[in-house]
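Here the structure comes first, spelled out in structure tokens, and everything after it is commentary.
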Ligand SMILES: C[S@@+](CC[C@H](N)C(=O)[O-])C[C@H]1O[C@@H](n2cnc3c(N)ncnc32)[C@H](O)[C@@H]1O
């Protein structure tokens, strides 16, 4: 029986979402994903091992083989994700022989052929990256968060991630031009337009696609941990309570821990027994969801 089905039937969940499940599974995700039901996951958020990097800790994949290695996994992800779900892939191409390798670009092109839409790209600006000096480049302070979907109509709850207007309002809105007071249609004929004056009386705005977050330094037991804000932000944006979140490269389990805190069901897959045990020890596989205790999200963080 596939994972979601068996979890549901074992737990006898009626109606769905009363009990929150966080399931850590041990094994190679390419195989373990086959046990997950079709069209059952609302959000996939993950950070696979980067090409060749950290091979001393959990085995790298060479840049030249990265696409070939990843495509069978992304095929399974495409199968398990709901038609209105979203896949967020945290990845960054490394430098090989003085050039940025092209495997991320090649992967995007191949995933599009597989049936994915490459809908958006967020930038994770790593606020606390190490200082350093390199002969022909500056320090790397950002990573890609590629967004893929199965269809152009996917669930997105934009109000959940609004940010405070900040100082921009004071300076920009004080001296409105005539264009600002009327609708300013796109010069490139996209059909989009903006009326800046609409934002005069508001204290919250929608965020940009650049997320300013420090990397995680506190978890010493895994070398590449997500900051909790990262899966949290995407869960707010793309899921509701009771939805299913998947991290096929679970590592220390940040995604499933955050999912449980946010009352989302989750599945994490990890190939290393050590990391699997670590994640498992920090989650409760089932937790009762008390309807009267639903959290109110803080929506004014300045990412
Ligand atoms: C970049 S880390 C993920 C860290 C995670 N986001 C966290 O917050 O702890 C990638 C993880 O994928 C695991 N991994 C590598 N290949 C895998 C595979 N084929 N299936 C499942 N897990 C794998 C590694 O052991 C590693 O823990």
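Could you compute the FRET efficiency for residue 185 and residue 210, with r as their C-beta to C-beta distance and R0 at 30 Å, rounded to 0.05? My answer for the efficiency is 0.75.
Computed from the Cβ-Cβ distance with R0 of 35 Å, the FRET efficiency linking residue 28 to residue 128 stands at 0.60.
Each peptide in 201-213, 132-144 was scored by the mean count of other Cβ atoms within 10 Å over its residues; highest first, the order is 201-213, 132-144. Placing pseudo-labels 7 Å out from each Cα toward the beta carbon at residue 165 and residue 261 gives an inter-label distance of 3.0 nm.
Using only the Cα atoms of the range 57-99, construct the convex hull and provide its projected area averaged over every direction, in square nanometres to one decimal.
Working: hull surface 17.4 nm².
Over all viewing directions, the range 57-99 projects a mean Cα-hull area of 4.3 nm².
A simple spin-label model places the labels of residue 142 and residue 175 2.9 nm from each other, with each point 7 Å out along Cα-to-Cβ.
Sorting the segments 152-160, 236-244, 29-37 by their mean number of nearby beta carbons within 10 angstrom, highest to lowest, gives 236-244, 29-37, 152-160.
Only the coordinates and a few stated rules stand behind these numbers; no lab work does. Source: prediction; values computed, not measured. Neighbour counts run over all protein chains shown; Cβ positions are idealised from the backbone, glycine included.
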